[in-house]
Amino acid sequence: MKLEFTKMHGLGNDFVLIDNRELNLKRATHIAKKLCDRRLGIGADQLLLLSNSESADFKMRIFNADGSEVEMCGNGIRCLGKYIWDSVLRCDESSYASKYCETIGQLAIETLAGIMYVEKKGNRFKVDMGEPALQPDEIPVNTSLLPKKLREDAVQEFPLKIKRSTISITCVSMGNPHAISIVRNVDDVALQTIGPLIECHKFFPNRTNVEFVQVLNKKNIRMRVWERGAGETTACGTGAAASAVAAIILGLTERKVTVHLPGGKLLIHWSAKDNHIYMTGDAVTVFEGVLNI
């Protein structure tokens, strides 16, 4: 079987994208493990499947390099949006369809975290990521490990015990779980060691993404991320959004924040009007290819 794919990335967070609307691939978990392997496959943090949707314009399924399916990916949905505009709608500037494409304005993408909206802004893409969830059962966390008086409150600066140390975390869901820790310098964090310990901690029944955040000033933060099922990556869109939310609710930044990641920058705006998170960043097509599988 010949399988066409597109390799893409958002700030170095890379993906293998497959148009699955007619293929209807089976065994997606196995395919993700095979294609994302950086020695034996194409190499990527995640596999993205573009599918048909009954409730939106398109549907996105996301599989980590370890084969686990996840709810949402901020960098991935920007890449999916670019692929749709470039290859499905063919909305490049030289296309005869470009005027029609400009009238589309926004794409509705179904995900396991709900319907997300992607807008093309020149060479960048703006995503309406919906409202952040702060309640323990929405993230989710294991509420039995919380003091009774905190089980209905947002999990802010909670002292999580990791072996012989304690790390202060704030928990946010952007359709997927995140644990954010504010530190003086993200470069000092032993992410390869501490990341998996927090990801798989019993406090998180579905595991969690882990972000360490350094506040530069009221408008800028630095972030490093350990992604659930993928390990350390150069960027994480939902992680950037969750980190901005954590910094805002802790009173450390304004509601518009530039998040500086190893792979580049994302602009995050937590709107006071509708309580939605808006993320703006780039998406890049690296190459296209065909595999025999």
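Laboratory data are not the source of any read-out in this text; all were calculated from the coordinates shown. For clarity, every value in this text was computed on a predicted model and none was experimentally measured. FYI the Cβ positions are ideal-geometry reconstructions off the backbone, even for glycines, and counts take in every protein chain you see.
In percent, rounded to a whole number, the relative contact order of the range 143-275 is 18, using alpha-carbon pairs under 8 Å and six or more apart. Taking other C-beta atoms within 10 angstrom as a stand-in for reagent exposure, F5, F204, F15, F287 fall in the order F287, F5, F204, F15, fewest first.
Shown is the FRET efficiency for R124 and D274, computed with R0 = 25 Å from the Cβ-Cβ distance and rounded to the nearest 0.05: 0.75. Working from Cα pairs under 8 Å separated by at least six residues, relative contact order for the chain is 21 percent. Looking only at Q192, Q214, Q106, which one moves most when the chain is put into a Gaussian network model with springs between Cα atoms under 10 Å? Result: Q192 has the largest fluctuation of those listed.
Taking Cβ atoms as reference points and 9 Å as the exclusive limit, the residues near T208 contribute a net charge of +1, counting Lys and Arg as +1 and Asp and Glu as -1. The I115 and K149 beta-carbon pair, evaluated with R₀ = 45 Å, returns a calculated FRET efficiency of approximately 0.80. Report summary: the helix-based calculation at 222 nm, which adds -39500 (n - 2.57) for every DSSP H run with n ≥ 4 and divides by the residues of the chain, gives -4500 deg cm²/dmol.
Placing unit charges on the Cβ atoms only, positive for Lys and Arg and negative for Asp and Glu, gives the chain a dipole magnitude near 660 debye about its Cα centre.
Taking a straight line from the alpha carbon of K149, these lysines sit under 22 Å away, with near neighbours fewer than eight places off in the same chain left out: K161, K202.
Rg/Rh, computed from the Cα trace of the chain with Rh as the Kirkwood radius, has the value 0.97.
Remark: spin-label model distance N142-Q106 equals 4.0 nm, labels positioned 7 Å along the Cα→Cβ axis.
Other residues with beta-carbon under 9 Å from the beta-carbon of G281 carry, at +1 per Lys or Arg and -1 per Asp or Glu, a net charge of +3.
Net charge in the neighbourhood of E227 (other residues with Cβ under 9 Å of its Cβ; Lys, Arg +1, Asp, Glu -1) is -2. Of the residues E227, E211, E22, the one that moves most in a GNM of the chain with alpha-carbon contacts below 10 Å is E22. Taking 8 Å as the Cα distance limit and 6 or more residues as the minimum spacing, I'd like the relative contact order of the range 1-70 as a percentage. Answer for the range 1-70 is 28 percent.
Ranked by how many other Cβ atoms sit within 10 Å of their own Cβ, fewest first, the residues S181, S168, S243 fall in the order S168, S181, S243. Classified by the C-alpha gyration tensor, the range 143-275 has an oblate form. Its axis ratio a/c, with a ≥ b ≥ c, is 1.5 or above, and a/b does not exceed b/c. Listing L291, L40 from fewest to most neighbouring C-beta atoms within 10 Å gives L40, L291. State, to one decimal in nm, how far the label point of L252 lies from the label point of M1, with both points 7 Å from Cα in the Cβ direction. The answer from the label model is 4.5 nm.
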